[in-house]
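The block underneath contains the structure these notes are about, expressed in structure tokens.
The values are calculated or read from the model by the stated rules, or taken from the named source; none is laboratory data. Computed from a predicted structure; not experimentally measured. Positions of Cβ are generated from backbone atoms using ideal geometry, with glycine treated the same way; all protein chains shown enter the neighbour counts.
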Amino acid sequence: MLPLLLVPAARAENVGQCFHVREMVKTEEIRYLVDAVSQCAHEYEAVYVLVDFLDRAGKRLDEGVWAIYWCRPGRREIHEFAIPAGALGFERVVLTRITADAREALMMKKTPIPSQSDPERVKDPGAPKPRR
């Protein structure tokens, strides 16, 4: 009976307090390097890190999410990620949240995805023309 009581306590760990992002630095115009370590007591299937990309003046350009899969206690993670298209020209990457909940990470998007075309310029082509 005792093991059943310990299982909920194990999952009550706050991954945002035990998974530490040591550094996130711009390496190229479209890439950034991440150095992180898990000091969590448990293994997680995935840990999601939500970030904002800022320009030189500190204005938010875009946001992103990166994940570490099979996150184990004491494991150090060093990875390089590409930026989203809206973050071109970024100078800094800033941590906004850490979670183990995929739904929470992917639903937290604050900015609508900008359209690649101007709706005023895209016209309906009408019915297809018959082939000759």
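Residues in the stretch 52-95 that are in a loop (DSSP other than H, G, I, E, B) and farther than 17 Å from residue 30 by Cβ: 57, 58, 59, 72, 73, 74, 75. When we screen 37, 94 for residues that are under 12 Å from the mean Cα position of the chain (by Cα) and modelled with pLDDT of 95 or more, the only hit is 94. There is at least one residue in the stretch 34-48 that is among the polar types (S, T, N, Q) and under 24 Å from residue 107 (Cα atoms). The set of residues in the stretch 34-51 being assigned to a loop (DSSP other than H, G, I, E, B) and either in contact (Cβ under 8 Å) with a residue 40 or more places away in the chain or in contact with an Asp or Glu (Cβ under 9 Å, 6 or more places away or on another chain) (or both) consists of 40, 41, 42.
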